[in-house]
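Have a look at the structure below before the remarks.
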Amino acid sequence: MDLDDAPQPAAARRLPLPGDDPDAPGAARWRRRDGPADTREHVALPLDADAGAASEGAPPQQALHDGQLWLLARRAHGAVLQLDFELRTALVRQVFRRDFVFVSRQLHALEASRRVQGLDRAGLDDALAALQRRAGDVQALLRGMSDNLQAAIDARAPAGARIAFARPARFQTTVVSPSAHRYLLMLMRADDTLARLEMAWLLGLVEPATRTALTSDCRRALQGYKDLACDRRHAIGERVREVNAQRQEMPTGDAD
């Protein structure tokens, strides 16, 4: 068995919906700044406003090429986990739309390679363990940042103050592996952390330079996990190809 290296067809379960984001996720760049339309992201709504009211009537959005995850599930075990959730911050929405399916495929390929006969299990276990450690490190970083921001808010915010976003968005995603679920939880934690950062900034508790630095820390942490998943998947994929090449060269009579 070989890892699935070939690009998979972008089989979507449905046509784009009217509520979907008009920006093309595939054209997004990590360092790209949001255009003028996204400057409304940090508008503070009245405290009694329902932050989710604007998104309640729209169907949930999906990550780019979400249908590819169904193809993976069909070839493997045939089951997926579907989750509905909301993302409030522009950065995490961008990361989810652009990266979730890609990272999920890398993680799924790593876990599926357990079924490759003759593959060095120690190397594969090390790759999976490294990703789990990195996920834990990112979660710890975000949790510490969030706790510090919440402590400042609790100490100095006016009674009853709360954060609201002008453009929250509802999403639905397909989860095909436990590690992909951990990655989704990481994104949701990042969204919560950045929401607290926005509240602290609006209250004047965080300087603009600090806000920029903490936002960059979140971005780098998420990008670092993506890069690690890609690197480890590539390394294991090379080993799988070597194993398959050796088996093809083996005389038929010597095969187990």
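Specify which of the listed residues (ARG189, ARG162, ARG233) is in contact (Cβ under 8 Å) with a residue 60 or more places away in the chain, charged (D, E, K, R) and assigned to a helix (DSSP H, G or I).
Just a single option satisfies the conditions, and that option is ARG233.
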For residues in segment 203-219 being surrounded by fewer than 16 Cβ atoms within 10 Å (Cβ to Cβ) and of a type in the set (A, V, I, L, M, F, W, C), which is farthest from the chain's Cα centre (by Cα)?
ALA209
Has segment 203-225 got at least one residue that is acidic (Asp, Glu) and more than 30 Å from ASP120 (Cβ to Cβ)?
yes
Selection from segment 165-186 of residues surrounded by fewer than 19 Cβ atoms within 10 Å (Cβ to Cβ), assigned to a strand (DSSP E or B) and either β-branched (Val, Ile, Thr) or touching a helix residue (DSSP H, G or I) at 6+ places or on another chain (Cβ under 9 Å) (or both) yields ARG170
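With MET188, MET145, MET199 as the choices, which residue is at pLDDT 95 or above, under 23 Å from VAL80 (Cβ atoms) and of a type in the set (A, V, I, L, M)? Step through it out loud before you land on a result.
Numbers: MET145 fails: under 23 Å from VAL80 (Cβ atoms); MET199 fails: under 23 Å from VAL80 (Cβ atoms).
Answer to the check: MET188.
Please verify whether GLN172 is modelled with pLDDT under 95 and polar (S, T, N, Q), treating the condition exactly as stated. Steps first, answer last, please.
Numbers: modelled with pLDDT under 95: yes; polar (S, T, N, Q): yes.
So GLN172 passes the test.
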Mind telling me which of the residues LEU91, LEU141, LEU110, LEU149 ends up being under 22 Å from GLU238 (Cβ atoms) and either not acidic (Asp, Glu) or not in a helix (DSSP H, G or I) (or both)?
LEU110
Out of ARG98, ARG156, ARG134, ARG88, sole residue that is free of Cβ contacts under 8 Å to residues at least 60 places away in the same chain and basic (Lys, Arg)
ARG156
Of all residues being touching a strand residue (DSSP E or B) at 6+ places or on another chain (Cβ under 9 Å) and of a type in the set (Asp, Glu) in segment 80-111, which is nearest to THR212 (Cα to Cα)? Just the residue, please.
GLU86
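The values are calculated or read from the model by the stated rules, or taken from the named source; none is laboratory data. All figures in this text were calculated on a predicted structure; none of them were measured in a lab. Reconstructed Cβ throughout: ideal geometry from the backbone, glycine too, with neighbour counts over all protein chains shown.
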